[in-house]
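**Student:** Here it is: the structure, laid out below.
Nothing in this text is a laboratory measurement; each read-out follows from the coordinates by a stated rule. Every value quoted in this text rests on a predicted model; they were computed, and no experiment measured them. Note that we place each Cβ from the backbone using ideal geometry, even for glycine, and neighbour counts take in every protein chain shown.
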C-alpha cells in the first residue's frame with residue numbers, strides 16, 4: 001500500500017515539460033546541428049536555384065539527374081520549408097537554454113552572475129543568427145538580371161517568377177581586364193562590330209523547375225528540355241494592318257520589337273508573337289493554333305541595337321560594370337560592380353556574376369534582398385561580446401577571486 005501511495009503521489013510530467021526537456025537535451029541539439037550541417041554540405045555540392053539551368057546547359061547529360069533532385073527538393077534547400085523548420089527547431093533548443101541561463105543570472109550574484117551572463121549572451125547570439133537565417137528563407141529574394149551596354153531594366157528573374165525593382169538599373173559600360181596590355185577606347189571601337197538588335201529569350205518550365213536564357217537568333221533551332229524552340233522572324237517595329245491583318249514593320253528602328261517563336265514538343269506545338277515592351281501580351285498565329293495550355297513561360301528582352309565586342313586576348317584578370325541607378329526619368333547615382341565587390345541600394349545587393357564570351361557587351365548580375373542581415377550582424381556582435389566575457393573576463397574574475 002505504501003508503494004502504491006508513493007506512485008500515486010509522484011508528480012506526472014506534462015506534455016509541455018516533456019517538450020521542454022527534449023529541447024534542452026544536448027544530444028537532441030547535436031543531432032539537429034548534424035542534420036543542418038549535412039543539408040548545408042548537400043546544398044553546396046548540388047547547384048541551387050537559378051544556377052540549375054546554367055549547370056544543365058553546361059552539362060546536358062545531367063538534365064534527368066537534376067530533374068530528380070528538383071523533385072526531391074534538393075535544388076532549393078536553403079529556401080525550403082524543411083530546412084527552415086530545422087533552423088526553427090535549433091532556435092527553439094537555444095531559446096530553452098537561454099531561458100535557463102537567464103534564470104541563473106537572476107538567481108546568482110557576484111562572479112557567478114558574470115560567468116552566467118557571458119554564456120547567456122552567447123546563446124542569444126546564436127538565436128539571433130538562426131532567426132536571421134529563417135527571415136532570409138521566408139522573406140528573402142534571390143535572382144538574376146541580364147543587361148547589355150545601353151540597356152535599362154527594373155526587374156529580375158527568381159526561381160518562381162519575375163520580381164520588380166523599385167528603381168531601374170542601366171548598364172553604362174562593361175569591361176574585361178586581361179593580363180595583357182590594357183586596351184584603349186579606340187582599340188575597343190576598332191574591334192567592335194554591329195550585332196543583332198535582339199537580346200535574349202527567357203524560358204521557364206515551372207513543372208520541371210527548369211529555366212534558361214536563349215540567344216535570339218532567327219532560324220536557329222535550340223533545345224530546351226523536351227522542346228525545340230526556333231525564332232522564325234524578328235520585326236523591329238511591329239504593327240498589324242487592321243484591314244488586311246498583315247504584320248509589317250513601321251520602321252527599321254526597334255520601337256516595338258517582336259519575335260515569332262515556334263515551340264515544338266511531344267505534347268505541345270504553337271507559333272506565337274512575343275513583345276519586348278509588353279511581356280504579359282502574346283499573340284498566337286491563326287495558321288498554327290496552340291494544341292493546349294502552354295507548359296512554358298517565355299519573356300522576350302530587347303532594348304535596341306547594341307555594339308558587339310569581341311573577346312580580348314590573354315587570360316582574364318577581372319571584369320566589372322559601370323551601373324547607373326534610375327528613378328523615374330532621372331539618374332540618381334552611379335556605381336562600379338566587380339567580382340567580390342558588390343554594391344547595395346535600398347535593401348538590394350548586386351553581385352557581378354558572369355559574361356558572354358561571344359558578346360562582351362552582355363553581362364549578368366545576381367540580385368539578393370536579405371532582410372535577415374541586420375539580425376545576423378547583431379548576433380555576431382553579441383557572440384563576440386559573450387565569448388569575450390567567457391574566455392577573458394571570467395578567468396580574470398576567477399584569478400581576482402582567488403587572490404582576494
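**Student:** Considering Cα pairs under 8 angstrom that are at least six residues apart, work out the relative contact order of the stretch 197-298 and quote it in whole percent.
**Tutor:** 22
**Student:** Applying a 10 Å radius around every beta-carbon, put 248-256, 92-100 in order of their mean neighbour count, most first. Spell out each step's value before the answer.
**Tutor:** Details: 248-256: 14.1, 92-100: 19.2.
Per-residue mean Cβ counts within 10 Å order the peptides as 92-100, 248-256.
**Student:** Quote the FRET efficiency, to the nearest 0.05, computed for residue 332 versus residue 237 with a Förster distance R0 of 25 Å and r equal to the Cβ-Cβ distance.
**Tutor:** 0.20
**Student:** Below 8 Å between Cα atoms, with a sequence gap of 6+, how large is the relative contact order for the stretch 315-394 in percent? The partial results should precede the final answer.
**Tutor:** Details: 88 pairs, mean separation 13.3, N = 80.
Over the stretch 315-394, the number comes to 17 percent.
**Student:** Where the centroid of each part is defined by its Cα atoms, how far is the stretch 225-289 from the stretch 26-56 in Å?
**Tutor:** About 42 Å separates the Cα centre of the stretch 225-289 from the one of the stretch 26-56.
**Student:** Could I ask something else about it? Mind ordering 16-22, 129-135, 232-238 by average Cβ neighbours within 10 Å, highest first?
**Tutor:** 129-135, 232-238, 16-22
**Student:** May I pose another question? Name the shape class, rounded, prolate or oblate, that the alpha-carbon gyration tensor gives for the stretch 319-381, where a ≥ b ≥ c are the square roots of its eigenvalues, rounded holds for a/c under 1.5, and otherwise prolate holds if a/b is larger than b/c and oblate otherwise.
**Tutor:** Oblate.
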